[in-house]
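Accompanying notes for the structure given below.
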Amino acid sequence: MKNILFITGKLAEKGLKTVIESIEDKNFTYEIRNLNVNVAALLTTDMIARRLDDVTPFDEIIIPGRVRGDLVALEKKINKKIIRGPDELKDLPTIFGAKPVKYDLSKFETSIFGEITDALNMTVEEVIEKAEYFRLEGADVIDIGCLPNKEFPHLEEIVQELKNRNFYVSIDSHNTDELIRGSKAGADYLLSIKNESYHILDNLDSYPILIPTDNNMKDFYSLIDRAINDKLTFIADPILDPISYGFTKSIQRYISLREKYQEIHIMIGIGNITELTHADTTGINMIMLGIVEELKLNHILTTQVSRHCSTVIRETDLARRIIHAASQNNITPKHINDGLLINHGHKDYPYSSNELEDMKSNIKDKNYRIYVNDDGIHLFNKSIYKVFYDPFDFYEFLEVDDDSGHSFYLGVELARAQVAYQLRKEYSQDEELDWGCLVDKKVDNKITSKQLGPTFKKRK
């Protein structure tokens, strides 16, 4: 049985062990050595040669795929067989004939409260429809938002109809009468209870979400202690403030709360960041879920009000699964799932310009091929080979004057190629660009041929 030495860095050490242990029927023994660099990819063969101690017991040494340097020279220096591993840790099992690691995204530990902020202005049927949509997107609890100083006459009916359809329901109001009405109608949670409204819980069965008054944490801790002494099941939320309005300090409140109360359930409202920040929400949600995972927060409250927040529930759902998988496998949340990579690609382009020129030399027909790489948009057939950045630059070279369908097709494909080039995304001719979890992907069973597109159909 071979004895293998695996070389890695600090960040990947635990993840490497997890991946190696996932290989079934291992026909080797092994040791892992962390060569005291944070990122394994920053190692070079010279660094390995300098830092590697006695390797006598080992038959071969496997180094990270992205290590730079002369492997032959390293082999001669240490007199051991060197194998370059794959670029990505998840692919390591393949060099032993095993399948790549497939991360389980079915598991998570954080629940999502999806708030319907304008429920008061909606009919019961409209609320049910939105709740069903939120549930499909990943929400575990439907939060019914109330508005200050406005009557909510159909609150009870909404709660009852949601419960009839097996939803978990929360009522979001600072009005104690609405909280009481919602609870008596069957709501599972009450947002939000302060010290001054705590008394209403005496005759209610709903679980309270406790919040501080004016960010007074001393007062908040006393409220939590009171709930613990009363043996209540509750959730605590110290309130996340928007960026520029105390965001960093509010994160510290969550840290302090978790340090002081290690067993209680804690909620964080991410909507104050996503709704009030004009930035793509996918990245924001990923970072926030990283904080959630590290602090072991249990519940997330989020909203889909602003146009740029129209998919935050599905983003949050995917983020919680990715982050949990990363945590369970002792790895960073990279190469687990591409669903939150929206604007940019992460794969190298499949063909260099030299390879595309070689490909062109073998083309014997008039059909245009389109590719993208770092050098630009490549278009060629048997007669031409052009590389530009702008689709309009190709116009004078395209011989499609008598074929409107083909002209339209090339316009669409070159526009897609331009977007892909500008954003460094992957581009494949005849395929829509990949926008991650934001756009539902068309199912391709790979069994039947694709139907002819509209440009091939005769015009009426």
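Can you pull out the residues in the stretch 205-232 that are within 31 Å of the chain's Cα centre (by Cα) and either at pLDDT below 95 or surrounded by fewer than 22 Cβ atoms within 10 Å (Cβ to Cβ) (or both)?
207, 215
Among 158, 180, 171, which is the only one that is under 26 Å from residue 253 (Cα atoms) and of a type in the set (A, V, I, L, M)?
From the options 158, 180, 171, the qualifying one is 171.
Looking at (1) free of Cβ contacts under 8 Å to residues at least 60 places away in the same chain; (2) in a helix (DSSP H, G or I), which is the only condition residue 282 fails?
With (1) free of Cβ contacts under 8 Å to residues at least 60 places away in the same chain; (2) in a helix (DSSP H, G or I) applied to residue 282, the lone miss is (1).
Hey, among 153, 148, 100, which residue is under 30 Å from residue 3 (Cβ atoms) and either hydrophobic (A, V, I, L, M, F, W, C) or part of a loop (DSSP other than H, G, I, E, B) (or both)?
On the way: 153 fails: under 30 Å from residue 3 (Cβ atoms); 148 fails: under 30 Å from residue 3 (Cβ atoms).
The conditions single out 100.
Hey, residue 346 hits all of (1) modelled with pLDDT under 90; (2) in contact with a Lys or Arg (Cβ under 7 Å, 6 or more places away or on another chain); (3) of a type outside the set (A, V, I, L, M); (4) under 30 Å from residue 136 (Cα atoms) but one; which does it fall short on?
(2)
Let's see how each residue does on (1) outside any loop (DSSP other than H, G, I, E, B); (2) modelled with pLDDT of 90 or more; (3) surrounded by fewer than 15 Cβ atoms within 10 Å (Cβ to Cβ); (4) of a type in the set (Asp, Glu):
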site	(1), (2), (3), (4)
354	yes, yes, yes, no
364	no, no, yes, no
367	no, no, yes, no
370	yes, yes, no, no
378	yes, yes, no, no
387	yes, yes, no, no
393	yes, yes, no, yes
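Conditions (1) assigned to a loop (DSSP other than H, G, I, E, B); (2) surrounded by fewer than 19 Cβ atoms within 10 Å (Cβ to Cβ); (3) of a type in the set (Gly, Ala, Ser), marked per residue:
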| position | (1), (2), (3) |
| --- | --- |
| 3 | no, yes, no |
| 10 | yes, yes, no |
| 26 | yes, yes, no |
| 57 | yes, yes, no |
| 62 | no, no, no |
| 73 | no, yes, yes |
| 77 | no, yes, no |
| 94 | no, yes, no |
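Please list, ordered by first then second residue, the pairs with beta carbon atoms under 7 Å, 6 or more apart or interchain, first in the stretch 241-253 and assigned by TED's automatic domain parsing to the domain that holds residue 220 and surrounded by 15 or more Cβ atoms within 10 Å (Cβ to Cβ), second hydroxyl-bearing (Ser, Thr, Tyr) and in a helix (DSSP H, G or I).
Within 7 Å, the pairs are 241/250.
Pick from 234, 167: which is aromatic (Phe, Trp, Tyr), in the same structural domain as residue 123 (by TED's automatic domain parsing) and under 15 Å from residue 265 (Cα atoms)?
Numbers: 167 fails: under 15 Å from residue 265 (Cα atoms).
So the residue among 234, 167 that is aromatic (Phe, Trp, Tyr), in the same structural domain as residue 123 (by TED's automatic domain parsing) and under 15 Å from residue 265 (Cα atoms) is 234.
Do we have residue 107 as part of a loop (DSSP other than H, G, I, E, B) and without any contact (Cβ under 8 Å) to a residue 60 or more places away in the chain here? Walk me through how you get there before you give the answer.
Details: part of a loop (DSSP other than H, G, I, E, B): yes; without any contact (Cβ under 8 Å) to a residue 60 or more places away in the chain: no.
Considered against the rule, which asks whether it is part of a loop (DSSP other than H, G, I, E, B) and without any contact (Cβ under 8 Å) to a residue 60 or more places away in the chain, residue 107 comes out as no.
The values are calculated or read from the model by the stated rules, or taken from the named source; none is laboratory data. Nothing here was measured: the structure is a model prediction, and the numbers come from that model. All Cβ positions, glycine included, derive from the backbone under ideal geometry; neighbour counts span all protein chains shown.
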